[in-house]
Amino acid sequence: MSGRKLDPQRAALVEGAKAVGIPIVVTEQYPKGLGNTVPEIADQLPQGLAPIEKVCFSAPEAEGFDLAGRDQALVCGIEAHVCVNQTTLDLIDEGVEVHVVRDAVGSRFDENREVGLARAEHAGAVITSVETALFELVGCAGTDEFKQVQKVVLDYAPNPS
């Protein structure tokens, strides 16, 4: 599974997080060699948010990574069995409640993605989806945040005709 196939889901997660006021932290694994955050996602990031460059696989080990005392995290990205997995395990070890967004994590091979998700779940992470996470954050219909999240979801995954 290409990480590229998941860009609409990850972009929707970022856009939805912005709509409900959830802080966003972005890391990039060795961008000099692997490249920067893809434009589909980078274009949705809050203005002025600079990705944290890292060479360690776990985001919490990266210089400048800080959840500012938050005790919950939604995790998405690539590779599910490497960076996502090690980030998840370290956050859990730090006492953070981690939700790994199944349809917003990827690996080059489906088997590796499934290994990463299984390890995260076995370690105590909640496996969720973009829509599940966003609508849980909103809590109820009829609010401005709900309308923004609904639009985000329908833009990337329209209702079947």
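A few notes on this one:
- Among Val105, Val55, Val138, residue whose mean-square fluctuation peaks in a GNM of the chain (springs only between Cα atoms under 10 Å): Val55
- Per residue solvent-accessible surface (Å²) - the chain, probe of 1.4 Å: 56 Å²
- Estimated at 0.36 nm per residue, the fully extended path between Lys147 and Leu34 surpasses their Cα-Cα distance by 37.1 nm.
- Mean residue ellipticity (222 nm) of the chain, computed from DSSP H runs ≥ 4 via -39,500 (n - 2.57), nearest 500: -12500 deg cm²/dmol
- Within the straight-line cut-off of under 16 Å between alpha carbons, the aspartates and glutamates reachable from Lys32 are Glu53, sequence neighbours fewer than 8 places apart in one chain being disregarded.
- Residue-wise HN-Hα coupling along the stretch 61-68, computed from phi with Karplus coefficients 6.51, -1.76, 1.60 (Hz; x: Gly, Pro): 7, 7, 4, x, 6, 7, 8, 6
- Bridgeable aspartates and glutamates around Lys147 (alpha carbons under 18 Å apart, same-chain partners fewer than 8 residues away excluded): Glu15, Glu131, Glu136, Asp155.
- Phi-derived couplings, Karplus 6.51 cos²θ - 1.76 cosθ + 1.60 at θ = phi - 60°, listed residue by residue for the stretch 86-99: 5, 4, 4, 4, 5, 5, 4, 4, 7, x, 7, 7, 10, 10 Hz, with x used for Gly and Pro.
- Listed by chain and number, the aspartates and glutamates placed with their C-alpha closer than 17 angstrom to that of Lys54 are Glu28, Glu63, Asp66, Glu79, Asp90; residues fewer than eight positions away on the same chain are left out.
- Long-range amide H partners of Ile52 with built H, under 5 Å: Val26, Thr27, Glu28
- Surface share of carbon and sulfur [accessible, 1.4 angstrom probe, percent] for the stretch 1-81: 50 percent
The values are calculated or read from the model by the stated rules, or taken from the named source; none is laboratory data. What you see is a predicted model; the values in this text were computed from it and never measured. Heads up: the accessible areas ignore ligands, DNA and RNA and are worked out on the full protein's heavy atoms, side chains in. Shrake-Rupley method; radii C 1.70, N 1.55, O 1.52, S 1.80 Å.
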